[in-house]
1. Residue under question is Leu33, and the condition is that it be more than 21 Å from the chain's Cα centre (by Cα), surrounded by fewer than 16 Cβ atoms within 10 Å (Cβ to Cβ) and not in a loop (DSSP other than H, G, I, E, B); does it hold?
2. Out of everything in the stretch 299-316 that is part of a loop (DSSP other than H, G, I, E, B) and within 14 Å of the ligand (Cβ to nearest atom), what residue ends up being least open to solvent (accessible area, probe 1.4 Å)?
3. Would you confirm whether or not the stretch 280-298 contains a residue that is open to solvent by less than 40 Å² (accessible area, probe 1.4 Å), in contact with a Pro (Cβ under 9 Å, 6 or more places away or on another chain) and farther than 24 Å from Asp367 by Cα?
4. Would you please list the contacts, defined by Cβ atoms under 7 Å and residues six or more apart or on different chains, that run from a residue in the stretch 163-191 that is closer than 13 Å to Leu129 by Cα to a residue that is at pLDDT below 80 and assigned to a helix (DSSP H, G or I)?
5. Is it the case that Ala290 is more than 13 Å from the ligand (Cβ to nearest atom), under 17 Å from Ile344 (Cα atoms) and assigned to a loop (DSSP other than H, G, I, E, B)?
6. Based on what the data block shows, is Gly111 small (Gly, Ala, Ser), surrounded by fewer than 23 Cβ atoms within 10 Å (Cβ to Cβ) and free of Cβ contacts under 8 Å to residues at least 24 places away in the same chain?
7. What do you reckon, is Pro220 at pLDDT 95 or above and of a type outside the set (Lys, Arg)?
8. Looking at Asp339 and the list (1) under 20 Å from the mean Cα position of the chain (by Cα); (2) away from the ligand (no atom under 16 Å from the Cβ), which single condition is not satisfied?
Amino acid sequence: MATPVIVREKRLQGRKILLGVTGGIAAYKAALLVRLLKRSGAEVQVLMTEDAQRFITPLTLGTLSEREVLTDIFPENEQGSWTKHITLGRWADLFVIAPATAQTIARLAHGFSDSMLTVTALAARCPVLVCPAMDHDMFIHPAVQRNLGLLEELGYQLMQPEHGELASGLTGEGRMPEPEQILARIDQDLGTSENTGNDAAPTPSSKPLSGKHVLVTAGPTREPLDPVRIFTNPSTGTMGFALARAAVRLGADVTLVSGPSMLETPEGVSRVDVQTAAQMHAAVHEHADADVVIMAAAVADYTPSKKSESKLKKNGDRLTLELEPTVDILASLGKQKRDGQLLIGFALETDNGAASARSKLQRKRLDWIALNHANEPGAGFGPGTNRITLISKDGDEISLPTQSKEALALTMLQHIFVASEV
Ligand code: CTP
């Protein structure tokens, strides 16, 4: 039974939605979903798999969306347009796949790039919402359930199917939610629902950080022992780079101070490369008047007391090294924090996460701390996903589910800036 929703006029104005339709009987519901999205003001680009076109025609969805439906990675008679999936992956605010068949779920879970839909999902920088729809017995099969689990680990969002009458005539779980319910979920994910409060987030197109200077740090630091040996950690810089990109998207002028990282500088970001904690400290303090500082870097806590100018030779004996603490950059910023400045830190913890994060929040005089869990699958270091709990100095606690760092960065900033009324 559909949940009645009031289509508040144009609340999705300016929002860009990719709608992927795959080959299941529920594909017919995609027509109504496109209408609802269009009536709410969204721009909708439909992508269809080959099998989806057996259930509903591209002509129907193209007419309703007022855009040509994309079905092929290599469109005939169109030279030079094969990179459309990359452009679309960056264009969209949200990618919804409804209905998502067992076949497409398996392909997404294993990173296939064999259709316009799957290749665009790989290129998508926005959150991807998957709405599985299939027969009950298929839905509960361990292979499908395992693939859905993989999707969650990879940071995809899932909208659970409903219990009800299925196309096979059987009754069970597997029905795609009604388009009105999917629209309500889209509203929730984009922060455009009528129901504001803790879940609300400003629109990426509303540029709440316009005119603000945001300083982000990212990556590890490298503390040299001699010219060929360093102390470092496994940070890749992914979270910090994603935060820098998200801040640009929200309208900020962004400076990124980065330790060694292979990542490409996000568009519109001014980047300063450093190696050591001391260099990061100096670079950060050159921009310490920023309106918002986000310390996502994994700064080394210790550095060798003596740095040898020439390579240390081994002589087979046990070697004892003396390390001395590095300067705590964030704490130094906290000490000189000016009125109205927002200081955001990270806490990567293995034990007593929340208590330890709260103590860092207080000790370093932060406004927010993002707690992440070093030894949890799908979280912590690396290029993949992360799970974060945001804790504020006022006692707010917001749990953000496991998702890609790219999606998480935007959600995290949106939540912080709504709650902090920036
Ligand atoms: N940080 C910093 N300078 C340092 C060490 C950490 O600015 N020398 C920042 C990190 O960028 C992060 C926050 O402080 O935003 C917390 O870092 P974390 O390593 O979790 O905590 P520490 O303060 O180093 O405490 P501990 O290692 O004992 O958990």
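The values are calculated or read from the model by the stated rules, or taken from the named source; none is laboratory data. Quick caveat, the model's predicted, so the values are computed rather than measured. When we count neighbours, we look across all protein chains shown, and the Cβ atoms used for this are built from the backbone with ideal geometry, even at glycine. Accessible surface areas use protein heavy atoms only, side chains included; no ligands, DNA or RNA. Shrake-Rupley method; radii C 1.70, N 1.55, O 1.52, S 1.80 Å.
1. For Leu33, the condition - more than 21 Å from the chain's Cα centre (by Cα), surrounded by fewer than 16 Cβ atoms within 10 Å (Cβ to Cβ) and not in a loop (DSSP other than H, G, I, E, B) - is not met.
2. Ala300
3. No, the stretch 280-298 contains no residue that is open to solvent by less than 40 Å² (accessible area, probe 1.4 Å), in contact with a Pro (Cβ under 9 Å, 6 or more places away or on another chain) and farther than 24 Å from Asp367 by Cα.
4. Note: pairs meeting the criteria are Gln188/Asp199.
5. Taking the combined requirement at face value, the residue satisfies it.
6. Criteria met by Gly111.
7. yes
8. (1)
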